[in-house]
Structure formats: C-alpha cells, structure tokens
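Report on one structure; see the data block that follows.
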Amino acid sequence: MGCAQPRSSITVSRGEAYVLHKQEELKIQDIVCENAINVIKKYSKNGSITSNSFLRALVELGLLKPSRAQTEESKQTKEIDLEQLRGLVYWRKFYSCLSDYTDESGETFNTLNVLICFILLASATLEEKVKLLYDTLDWQCKGYVHKKMVRLFMKNFCVVAGEILPYFAEDVYNITIKLKSLKAQWVWVVGKMPDDFTEKVMRERPAIKKEEFISTFSSENYSFLFNATRLRQKMLELYSKDYEKEKSSPMKPRLSVYADEQSPGDVIIIKDEKHAEVDAIDNIDPPVAPTSSENKT
C-alpha cells in the first residue's frame with residue numbers, strides 16, 4: 001500500500017504552488033492511507049469522534065506532537081496535554097475545520113467526513129484510494145453506494161481541497177503570496193461542482209454498484225478527484241468562465257477573510273505527487289513562522 005505513482009508535471013500559479021507547499025507541511029502525505037483509516041476508526045464511536053479522541057488519533061499517527069517535556073512526562077503518566085495540542089496552528093487552521101458543522105460546539109467530528117479527507121490526502125495509489133473510498137462509503141457491505149453518498153465524498157473532496165487547504169495556506173506573515181482571487185473562485189466552485197459531477201456519474205440511477213464505482217473513479221476521467229492540486233486546477237478549468245459571469249456577487253469564503261490583494265501572475269511548474277512542492281519552492285519566498293504567542297488561540 002501507498003506506493004507512489006509515476007510523477008508528471010503540471011503548470012500552476014504561484015499562489016497554487018504555495019497552497020501545495022503548505023499542504024505538504026501537514027505531513028499527511030507521509031501517512032499510509034489504510035493505516036490512517038484504521039487508527040481513526042479505532043477512536044470512533046457510533047460514527048463520531050470527540051475532539052479529544054481525534055487529537056489522540058493524530059498523535060498516534062505522528063501528525064501532531066506533544067512538546068518534548070510532555071513526551072517525557074507521558075512515559076510515566078500516559079497522558080497527553082490536549083490543551084497544548086489545541087494551540088498548534090495545524091489543529092486550529094486545518095484539523096479543527098473538519099469538525100461536524102451540525103454541532104455548534106466544534107467538539108465532535110463525523111468519522112466518515114474525516115476518513116474521506118484522509119483518503120484524499122494520505123499516501124496510496126489511485127486504485128488503492130478508490131477501493132478504500134468504496135469500502136468506507138459502503139460500510140454496511142451492501143455491494144453498492146447510494147447517490148447521496150457519491151455526492152457526499154465529492155463535496156468533502158471539494159471542501160478540503162478548495163476551502164480548508166487554502167484557508168490553512170493563508171499566511172498574513174507572507175504578503176507576497178496572493179491567494180484572494182484564487183480562493184474566491186475555489187469557494188464558488190465548491191458550491192457547484194459536487195452536484196454537477198454527481199449527476200454526470202449517476203444520471204438517473206439511485207445507486208452505483210461496487211464494480212462500476214471502482215472502474216469509473218479509477219479511470220483517467222475522474223482520477224483528478226483524488227489529488228487536491230489537480231482537483232483545484234480542474235475547478236478553475238471547468239468553471240472559470242461561469243465564475244467570471246457571476247463574480248459581481250461572489251460567495252464569501254466560509255473560513256477566513258482576506259485583505260484586498262491582486263491576483264497571482266506568476267506561473268511555475270511543479271510535480272503532482274508526494275513532495276511535489278520541491279520543484280516549486282525555489283520560486284517561493286519562505287513564510288515567516290509566527291511566534292509562540294501568535295500561535296495561541
């Protein structure tokens with residue numbers, strides 16, 4: 001599991017390359033997808049994960065780390081300073097955004113939504129991801145996936161790629177990276193693309209059987225869905241003209257507010273697989289890391 005596919009070059013804007021650069025900082029691409037799914041399920045109860053359980057799952061996966069002092073202490077107490085972990089920017093600006101929006105407290109996470117996020121971002125081949133996605137959606141082993149579940153995974157992929165990752169990449173300490181224009185377009189497309197593509201795949205069918213699900217989403221026509229960078233690019237490729245027609249009243253970004261900026265003009269080449277930002281970082285001014293006081297909530 002988790003073998004990298006052949007690397008191919010794609011052309012992206014400087015702003016897009018920066019989103020990918022920040023995405024790589026999360027290190028989710030270093031986690032084997034199947035392992036992530038197993039750990040998350042272990043901490044899930046009745047289809048939901050509490051905030052504390054999710055934090056513990058992330059620590060077990062090596063995605064969040066307690067301080068050195070806390071790690072030494074935990075050898076004796078086996079306790080994790082959860083409040084300390086909550087203060088990390090990775091939690092505040094990425095993982096916490098996966099919270100269940102039906103719970104206003106922000107203290108619970110829908111297990112299925114979290115699993116879908118990790119299927120998008122963790123390490124696996126396309127074929128492995130499609131199979132893991134099907135098994136996750138058909139958790140009752142019915143042999144088919146209902147139309148509403150197809151829309152659910154597409155919506156989650158679009159939200160993570162087009163809203164949450166760009167929000168995490170927002171960096172007020174590096175004003176040379178211009179994301180406002182791109183982010184506004186991605187957010188607008190998130191409201192349209194899941195429905196459009198669900199209808200394209202499902203047509204009049206209420207459900208799709210396992211064999212067709214796997215063959216459909218493993219094909220070149222839909223492979224872009226399983227790579228966040230390619231998905232964002234496809235959003236712009238397919239919907240930019242529609243967006244231009246309606247941008248007189250664009251949707252307000254859900255997760256953050258940007259100051260007025262100009263659109264990014266630079267274009268660079270990156271690789272689209274694991275550690276893909278390597279070819280692009282030389283062209284990007286490194287962000288200034290916030291101080292410890294700026295990391296606090």
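Bear in mind that the values in this text are calculations on the coordinates, not laboratory data. Predicted, not measured: the structure shown is a model, and the values here were computed from it. Here the Cβ is made from the backbone with ideal geometry for all residues, glycine too, and neighbour counts use every protein chain on show.
On full extension of the chain, what length is gained from LYS192 through LYS45, given 0.36 nm per residue of separation minus the C-alpha to C-alpha distance?
49.7 nm
Using R₀ = 35 Å, calculate the FRET efficiency as 1/(1 + (r/R₀)^6) where r is the Cβ-Cβ separation of THR11 and ARG92; round to 0.05.
E between THR11 and ARG92, to the nearest 0.05, is 0.60.
For SER223 paired with GLN140, estimate the spin-label separation in nm (one decimal), with each label point 7 Å from Cα along the Cα-to-Cβ line.
Here the answer is 3.4 nm between the modelled labels.
Taking neighbour counts of Cβ atoms within 10 Å as a proxy for exposure, in what order, fewest first, do LEU115, LEU61, LEU225 appear?
So the residues, fewest neighbours to most, are LEU61, LEU225, LEU115.
Can you tell me the length gained on complete extension of the stretch LYS245 to GLU212, counting 0.36 nm per residue apart and subtracting the Cα distance?
Stretched out fully, the LYS245 to GLU212 stretch lengthens by 8.3 nm.
Longer than 21 Å from Cα to Cα, which of LYS27/LYS155; LYS41/LYS192; LYS147/LYS209; LYS65/LYS155; LYS192/LYS241; LYS200/LYS245 are they? Say none if no pair is.
LYS27/LYS155; LYS41/LYS192; LYS65/LYS155; LYS200/LYS245
Stretch GLU104-GLU127 to full length: gain in nm at 0.36 nm per residue minus the Cα-Cα span?
4.6 nm
Considering only the other residues whose Cβ falls under 12 Å of the Cβ of LEU132, what net charge follows from Lys and Arg at +1 and Asp and Glu at -1?
Result for the local shell: -2.
Assuming a ≥ b ≥ c are the square roots of the Cα gyration tensor eigenvalues, decide whether region 32-122 counts as rounded (a/c under 1.5), prolate (otherwise, with a/b larger than b/c) or oblate.
Here region 32-122 falls in the prolate category.
Shape call for region 13-62 from the C-alpha gyration tensor, a ≥ b ≥ c root eigenvalues: rounded (a/c under 1.5), prolate (a/b greater than b/c) or oblate?
Verdict is prolate for region 13-62.
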